[in-house]
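Data block below; observations after.
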Amino acid sequence: MMKRLDNLLVNSGYGSRREVQKIIRQKKVTINGEVVNRPAVHVDILKDEVCVLGEKVVYKEFVYLMMNKPAGFVSATHDKFDRTVLELIDDEDKFLDPYPIGRLDKDTVGLLLISNDGNMCHRVLSPKRHVEKKYFVKVDMCLNSSHIEIFKDGITIDDGYKCKPAILNILNSSEEESECEIILTEGKFHQIKRMFEAFGGNVTYLKRTKFCEIVLDENLNEGEYRHLTDDEVNILKSI
Ligand code: URA
């Protein structure tokens, strides 16, 4: 598999693109023992041995990112009409071809995981694993304790599907609007919006705040992302 030398070093933790280009130009990098000074040279990551100051570079196979998804972007890698969350990812992080793990609607904001670890992705999205997802919701209706019971029992949505039990926690409620948190263990298309539609309500704001035990980093503004910590990656790998 051929990769650009500078991308490879960025992804292996040797610094930003600008920093690795500098160390390449300073002739600190060798490919199969030969000094190189062109950052754009291509390397076969299966065959070539790359060293920085004599230390062998260990290639990273996977990338794990957490994004605070903004509204107006679709959870896809390509789209004919809309901007995609991948457009918000820097080239050096795109190099391993990550993709969104599951989908948030175009107008939903909050925690979106992005990775290229296909096995992990398959496991965390499997309905058998019942991975919990937590959302903050604003809805244009009055919520009361009877709704909590109906969510717990399982709401039947427009196509006749009876949702799995969900936890509804009402934060505040008036005649016109309520704010609440919901924990789901499944992810049907537009599920939360359709759950409230079953009561005649419209969701006016939807934000995912937690995925499994991974909590949205409050330091991330909408549109920003960061690499997962080792602990967060281990949470995903243990699912
Ligand atoms: N439920 C929805 O309706 N939309 C989302 O993006 C996620 C859950």
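The values are calculated or read from the model by the stated rules, or taken from the named source; none is laboratory data. The model shown is predicted, which means the values in this text are computed figures rather than measured ones. With ideal geometry, Cβ positions are generated from the backbone for all residues, glycine too; neighbour counts draw on all protein chains shown. Surface areas here come from the heavy atoms of the whole protein model, side chains and all, with no ligands, DNA or RNA. Shrake-Rupley method; radii C 1.70, N 1.55, O 1.52, S 1.80 Å.
In table form, for the structure just shown:
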item: Single residue of the range 180-212 satisfying the filter (free of Cβ contacts under 8 Å to residues at least 60 places away in the same chain and in a loop (DSSP other than H, G, I, E, B)) that is farthest from the ligand (Cβ to nearest atom); result: G200
item: Residue check, V131 under 23 Å from L228 (Cβ atoms), of a type in the set (V, I, T) and within 16 Å of the ligand (Cβ to nearest atom); result: yes
item: Hey, K210 surrounded by fewer than 18 Cβ atoms within 10 Å (Cβ to Cβ), closer than 16 Å to K69 by Cβ and of a type in the set (K, R) or not; result: yes
item: Options C212, C180; residue that is of a type in the set (A, V, I, L, M, F, W, C) and within 15 Å of the chain's Cα centre (by Cα); result: C212
item: Exclusive hit being open to solvent by 10 Å² or more (accessible area, probe 1.4 Å), polar (S, T, N, Q) and in contact with a helix residue (DSSP H, G or I) (Cβ under 9 Å, 6 or more places away or on another chain), set T108, T77; result: T77
item: Neighbours by Cβ (under 7 Å, 6+ apart or cross-chain): first from the range 215-239, among the hydrophobic types (A, V, I, L, M, F, W, C); second assigned to a helix (DSSP H, G or I); result: L236/M120; L236/V124; I239/R123; I239/V124; I239/R129
item: Among residues of the range 125-179, those that are buried (at least 19 other Cβ atoms within 10 Å of the Cβ), part of a helix (DSSP H, G or I) and aliphatic (A, V, I, L, M), counted; result: 0
item: Any hit, the range 113-120, residues being under 27 Å from the mean Cα position of the chain (by Cα), closer than 15 Å to L65 by Cα and open to solvent by 50 Å² or more (accessible area, probe 1.4 Å); result: no
item: Any chance Y99 is under 24 Å from the mean Cα position of the chain (by Cα), without any contact (Cβ under 8 Å) to a residue 24 or more places away in the chain and either within 10 Å of the ligand (Cβ to nearest atom) or surrounded by 15 or more Cβ atoms within 10 Å (Cβ to Cβ) (or both); result: yes
item: Test for L220: is it assigned to a strand (DSSP E or B) and either on the phi < 0 side of the Ramachandran plot or within 16 Å of the ligand (Cβ to nearest atom) (or both); result: no
item: Residue match in the range 105-124 (condition: within 14 Å of the ligand (Cβ to nearest atom), closer than 20 Å to K207 by Cα and without any contact (Cβ under 8 Å) to a residue 40 or more places away in the chain); result: yes
